[in-house]
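Note sheet for the following structure.
Nothing in this text is a laboratory measurement; each read-out follows from the coordinates by a stated rule. Just so you know, these numbers come straight off a predicted model, no measurement behind them. Here the Cβ is made from the backbone with ideal geometry for all residues, glycine too, and neighbour counts use every protein chain on show.
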Ligand code: XMP
Ligand code: MG
């Protein structure tokens with residue numbers, strides 16, 4: 001879907017398809033340089049990271065394996081609490097692997113902070129994080145993130161994997177919703 005399909009639901013477009021794809025190419029080039037000669041295990045966090053993983057994986061020249069995790073973050077309403085439950089674990093043994101966690105968005109950072117220490121305890125050779133979007137103003141924990149696409153304002157965004165009530169994940173751009181959609 002593109003912006004003409006959801007015109008009435010949109011407030012504004014934050015990043016176009018071209019801007020996203022350009023950024024994915026830049027991130028992939030950086031990752032290729034850093035991991036030269038090493039195989040990477042991309043760990044995608046379902047469901048939001050599906051588009052980022054698919055596009056980054058295809059932009060990389062490095063050999064990658066892909067695996068997926070689904071987690072739910074307990075908390076009141078839309079606020080992440082940092083108490084995380086694993087809904088689907090990895091199939092892969094991480095021992096000696098170069099793990100790159102790929103996320104769509106880092107908000108408070110609580111989910112990923114928990115996930116990183118969980119995966120780090122499984123004996124990988126290295127573990128880093130790549131996220132397309134980050135909301136610096138929402139950060140609740142200090143979380144070193146090696147690869148960041150865009151730092152964005154603290155507003156709710158949809159598209160390119162990101163949803164509102166499971167809708168809009170298949171937009172090829174990232175935008176904000178018009179208030180009438182969520183009010
Ligand atoms: P924390 O706060 O633990 O949570 O970093 C990260 C998760 O929260 C969701 N999230 C969003 N989803 N638009 C979305 O569609 C947003 O603007 C947004 N902000 C946070 C998302 O699932 C992410 O993995
Ligand atoms: Mg997510």
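Screening residue 172 with (1) more than 30 Å from residue 126 (Cα to Cα); (2) within 16 Å of ligand 2 (Cβ to nearest atom); (3) part of a loop (DSSP other than H, G, I, E, B) gives one miss only, at (2). Looking at segment 125-167 only, could you name the residues that are farther than 18 Å from residue 113 by Cβ, within 9 Å of ligand 1 (Cβ to nearest atom) and in contact with a strand residue (DSSP E or B) (Cβ under 7 Å, 6 or more places away or on another chain)? Result: 152, 155, 156, 157, 158, 159, 161, 162, 164.
Take segment 4-42 and flag every residue that is farther than 18 Å from residue 102 by Cβ and part of a helix (DSSP H, G or I). Reasoning before the result, please.
First, pick out the residues of segment 4-42 that are farther than 18 Å from residue 102 by Cβ: 4-14, 16-19, 36-37.
4, 5, 7, 8, 9, 17, 18, 19, listed by residue number.
Residues in segment 101-140 that are farther than 21 Å from residue 154 by Cβ, more than 15 Å from ligand 2 (Cβ to nearest atom) and in contact with a helix residue (DSSP H, G or I) (Cβ under 9 Å, 6 or more places away or on another chain): 127, 128.
Residues checked against (1) crowded, with 19+ Cβ neighbours inside 10 Å; (2) assigned to a strand (DSSP E or B):
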position: 67; (1), (2): no, yes
position: 86; (1), (2): no, yes
position: 99; (1), (2): yes, yes
position: 112; (1), (2): yes, no
position: 118; (1), (2): no, no
position: 144; (1), (2): no, no
position: 155; (1), (2): no, no
